[in-house]
Amino acid sequence: MPHLELFQTLAISLALGLLVGLQRQHQNARIAGIRTFPLITLFGTVCALLAQDFGGWILGAGALGTTALLVAANLMQRLDKKVDIGQTTEAALLLMFAVGAYLVTGKTAVCVALGGAVAVLLHLKETLHQAVARLGEKDLHAIMQFVVISLVILPVLPNQAYGPYQVLNPYNIWLMVVLIVGIGLAGYFAYKIFGDKAGTLLGGILGGLISSTATTVSYAKRSKEGVERETNYNLIALVIFIATAISLVRIIVEVAVVAPGTLAIVAPPLATLVLLMAVLIVLGFFFKKENAGRMPEQENPAQLKTALVFGAIYAIVIVATSAAKDHFGNSGLYIVAIISGLTDVDAITLSTSRLMTAETIDQQTGWKVIMIAALSNIAFKGAMVAVLANRALVIRVASLFGLSLVAGLLIVWLWPEGFVLDWFGE
């Protein structure tokens, strides 16, 4: 087995063990929890690796050893309910036995990394237990929904193109759903950790990771709840603007993941707009008087309904993009970008990135399509603020968004073709 593939196998083994251990720990299982399950899972993986060289009896012996641990734990529980039934030490001993054996015939670096991971896992007992204890039923539900989206649905989807223009690949479409939901879920759990303590900067960053549109709507509505002299509209406008800037950074990350070969063309103009917005954010902090308050409650981004809606939008956008290119050329792509950007800039970003990789769209046109979609999304959020927010907030957001839109349009118009390649070479 190649070195990288071996690490990937062990990483998957650890992740699956942690996943099941998380659920058991949350249910207060006494025999095995957040640490024992990953240790046992890794033990099985190492036994299987050893069996490739020494025969299947090693795997059988490992299974018998694990069974013996469970039998002993249950016997102890029957004899004395006050006894600590934890089997972490026993599982760690079995695993380290297997690591030591594998060290003879396997990769030294793998064994060293595995031994270090076991030591850290044992050391983090209190930290892991406290982290699990802080999880509510809603949080565990979000994790399990993401498991369904990523580990149950994705593997069974056909990896084959269907439909008009042969661009509807169920596996690839759902993979984009997993990517977007994963980013949102990471922001959601960061919000769960920092939400009560989130200041202006962190509140905007978390809002951009979860959903900049939802953050805009939440703060716009909130601006009407307070008395004008008690509401710091500069701070609320800044949170909305930071979330919007982070949504552009998120676009760059999505392109880097989906179409890394196009990043040298797509990232520089987007990064230039982000830099200009960052300058406005820094200037905005000079008018900061007080904290903007607690972040509004964020919704779980791993809802299956949300995933299905995004998947449908992504499929529609990728077909519409291909059709527009076929019938109207580049001008049709820009119209699709404007319309799609009003609803979901992630969908047009991912679809355009994949079409650029497939060379259906040239890269110079592709980055402009993504930029126009992003600008359309900014304009849409500005319109929502105008409808939902207090007049004082509308003025501040309109100033920030207006400058950003003008800068973005100038970048689309004036950005020199091949600028990055001229400086850094192909």
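The values are calculated or read from the model by the stated rules, or taken from the named source; none is laboratory data. Keep in mind it's a predicted model, so treat the numbers as computed, not measured. Neighbour counts are summed over all protein chains in view; Cβ atoms, including those assigned to glycine, are modelled from backbone coordinates with ideal geometry.
Return only the number of the condition from (1) of a type in the set (S, T, N, Q); (2) more than 16 Å from residue 247 (Cα to Cα); (3) at pLDDT 90 or above that residue 360 does not satisfy. Failing condition for residue 360: (3).
Would you be able to say whether some residue in region 168-183 is part of a helix (DSSP H, G or I), farther than 30 Å from residue 355 by Cβ and without any contact (Cβ under 8 Å) to a residue 24 or more places away in the chain? Spell out the reasoning first.
Residues of region 168-183 part of a helix (DSSP H, G or I): 170-183.
Remaining after also requiring farther than 30 Å from residue 355 by Cβ: none.
The answer is no, given that none of the residues of region 168-183 is part of a helix (DSSP H, G or I), farther than 30 Å from residue 355 by Cβ and without any contact (Cβ under 8 Å) to a residue 24 or more places away in the chain.
In the list 382, 332, which residue meets the criterion of being in the same structural domain as residue 213 (by TED's automatic domain parsing), modelled with pLDDT of 85 or more and either of a type in the set (A, V, I, L, M, F, W, C) or in contact with a helix residue (DSSP H, G or I) (Cβ under 7 Å, 6 or more places away or on another chain) (or both)?
Values: 332 fails: modelled with pLDDT of 85 or more.
Residue meeting the stated conditions: 382.
Here residue 407 fulfils each of the conditions (1) within 25 Å of residue 222 (Cα to Cα); (2) at pLDDT 90 or above apart from (1).
May I ask you to say which residue of 264, 271 is modelled with pLDDT of 90 or more, surrounded by fewer than 23 Cβ atoms within 10 Å (Cβ to Cβ) and either hydroxyl-bearing (Ser, Thr, Tyr) or in a helix (DSSP H, G or I) (or both)? Give the steps one after another, and end with the answer.
Details: 264 fails: modelled with pLDDT of 90 or more.
Checking each option against the conditions leaves just 271.
Taken over region 21-44, residues that are over 15 Å from residue 135 (Cα atoms) and modelled with pLDDT of 70 or more amount to 10.
Let's see how each residue does on (1) part of a helix (DSSP H, G or I); (2) surrounded by fewer than 16 Cβ atoms within 10 Å (Cβ to Cβ):
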position	(1), (2)
320	yes, no
325	yes, no
335	yes, yes
338	yes, no
371	yes, no
399	yes, yes
407	yes, no
416	no, yes
